[in-house]
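Have a look at the structure below, then the notes.
Read-outs: derived from the displayed coordinates by stated rules, not from any lab. For clarity, every value in this text was computed on a predicted model and none was experimentally measured. A quick note on method: Cβ atoms are made from the backbone with ideal geometry, for glycine too, and the neighbour counts reach across all protein chains shown.
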Amino acid sequence: MEVVMFSRFSLVFSVLLLVALLSQPVCAADQWMYFSVKDALNSQLAQDKLDPAISFYMKGQSHGNVQSVTREYTANKRARKFGKTAEGACQTAFVSALMAFQQRAYKERCNAAIDLYSVTKDKVFESADQYSCLVGGMMVNVAIRGKVANK
C-alpha cells in the first residue's frame, strides 16, 4: 500500500513538474511588433470581411475632403496566437478592429474611417503604413483609434 501511494505521489509530482516546465514560454513577456497595414488589408480575411464601400485611412494618409466627421472611437481586439504566426494573429486582430470601425461607419451612416492609429495599452503609434501589435505567449492585442467620416 505504501509503495503504491509513493508511486502515485511521484507520478503526480512528475506531471506537475512537467506542466510547470512546459508552460515557461507562455509566461514570457509581451513583445511589441509592427506590421504592414497594406499586407493586412490584402489578406484573405480582410477581403472576406471588409466592405469595399468603406474606406480606411491611417493617420498621415491623404483622404481628401470630408463632409462630416464623428468623435474619436477606439476598437480594441484580441486574437489567439495558437497555430498561427505572430503576424497572422496580429492581422486577425487588426482586421477585427477595422470591422468594428466598419460597424461604427454603418451606424453613423458614414463611408470612411480616417486618421486611424495604434494605441494598444495606451502606447500611441502613428504610421501611415504600419500598425502595432502586442504579442503575448498565447494572445495578441491590437487597439486602433480614429474617426468615421463621410467623404
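For the range 29-150, the share of DSSP beta bridges that are antiparallel, to the nearest 5, is 90%.
Using only side-chain charges placed at the Cβ, +1 for Lys and Arg and -1 for Asp and Glu, the dipole size of the range 29-150 relative to its Cα centre rounds to 340 debye. Over 29 Å apart at the Cα level, from the set 38/77; 77/151; 84/107, are 84/107.
Taking 20 Å as the cut-off for C-alpha to C-alpha distance, list the pairs among 59/81; 49/121; 59/147 that go past it.
On the way: 59/81 27 Å; 49/121 25 Å; 59/147 10 Å.
Cα-Cα > 20 Å for 59/81; 49/121; rest within.
Please work out the FRET efficiency for the pair residue 62 and residue 36, using the Cβ-Cβ distance as r and a Förster radius of 22 Å; give the result to the nearest 0.05.
Working: r = 18 Å, r/R0 = 0.84.
That pair, residue 62 with residue 36, gives E of 0.75.
Can you give me the relative contact order of the range 29-150 as a percent, contacts being Cα pairs under 8 Å and 6 or more apart? Walk me through the intermediate numbers first.
Numbers: 256 pairs, mean separation 50.6, N = 122.
With pairs under 8 Å counted, the relative contact order is 41 percent.
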